[in-house]
Amino acid sequence: MTHSHQPLTLVPFEPTPRQREILEHAFELVQQSGLTHLTLRKVAERVGFTEAAIYRHFPSKAALVDALVRTLGGRLLGPIRELAADLSVPPSVRLERMVRHHVGILRATGGLPIILVAEGLATGDTELMDRLRSVMSAYVGLLAGVLAEIGLPAGVPPAQQALLFIGLPAALGMQLRAFPDLALTDPQADELVGYYVRALTGAARDRAEVNP
């Protein structure tokens, strides 16, 4: 029997100070051993709580993972929305700044979004999958809006073009996880993002107008 599900809207998670502490330790555990091996018992041990105390703040692993996704999604999408909306800046420069922010999130978290997306979409948990897709869809929509302003003569709709600009940050995130010895330095990653975006958009002229 097939069930239909309405996509979830990403509502920013506003944690209490104690929940914020728990989330930071949960982020560390996911970075180290993945989402599959995350348990409330392990989080409790890391924080120094009893497992029962963790349940007072997050009633289940699903609730904790949902908070992780919403927190990370907010860190990604909040600044991205502001960058996309800054019409005082040429669209190609806005696009470059948006991709830089995405790369910055991945590098600051050791590629954590890659783990959440890859493992989360494989869980079969429909609500988690919808939550992840809501973040990804919102991001694609913001990129597509800026790409529509640029008007690339690619013969491909902006939403599909947007996936290419998610691809570079995703590749850099996978590099951090799978090939840490080959990981780029911050200046190298910054230079590569600029080159990549300008190469795909032919936007060197816009970059000359505004120094990002």
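Just so it is clear, none of the values below were taken in a lab; they were calculated from the coordinates. None of the values given here were measured: they were computed from a predicted structure. Every residue, glycine as well, gets a Cβ built from its backbone with ideal geometry; the counts of neighbours run over all protein chains shown.
Suppose the chain between residue 126 and residue 53 were pulled fully straight at 0.36 nm per residue; how much longer would it get relative to their current alpha carbon spacing?
The residue 126-residue 53 span can extend by a further 23.5 nm.
With point charges of +1 on the Cβ of Lys and Arg and -1 on the Cβ of Asp and Glu, referenced to the Cα centre of the chain, which listed residue (180, 116, 93) lies farthest in the positive direction of the dipole?
The residue sitting most towards the positive pole is 116.
As a check on your grasp of the helix formula, calculate [θ] at 222 nm for the chain: sum -39500 (n - 2.57) over DSSP H runs of n ≥ 4, divide by the residue count, round to the nearest 500.
-23500 deg cm²/dmol
Specify which residue in the list 142, 128, 200 is farthest towards the positive end of the charge dipole of the chain, using unit charges on the beta carbon of Lys, Arg (+1) and Asp, Glu (-1), about the Cα centre.
In the chain, that residue is 128.
Over the Cα atoms, compute the radius of gyration (one decimal) and Dmax (the largest Cα-Cα distance, rounded to a whole number) for region 15-59, in Å.
For region 15-59, the Cα-based Rg and Dmax read 9.6, 26 Å.
Select from 183, 84, 154 the residue whose mean-square fluctuation is largest in a Gaussian network model of the chain (Cα-Cα springs shorter than 10 Å).
Maximum fluctuation in the GNM of the chain, among the listed residues, is at 154.
If every alpha-carbon in the chain counts as one equal scatterer, what log10 I(q)/I(0) does Debye give at q = 0.17 1/Å?
Those come out to -1.19, one per q.
With +1 assigned to the C-beta of every Lys and Arg and -1 to the C-beta of every Asp and Glu, and no other charges, what is the dipole magnitude of the chain about the Cα centre in debye, to the nearest 20?
So the magnitude is around 160 debye.
Based on the Cβ-Cβ distance from residue 171 to residue 33, what FRET efficiency comes out when R0 is 30 Å, to the nearest 0.05? Intermediate results must be reported in sequence, preceding the final value.
Details: r = 23 Å, r/R0 = 0.76.
E(calc), rounded to 0.05, equals 0.85.
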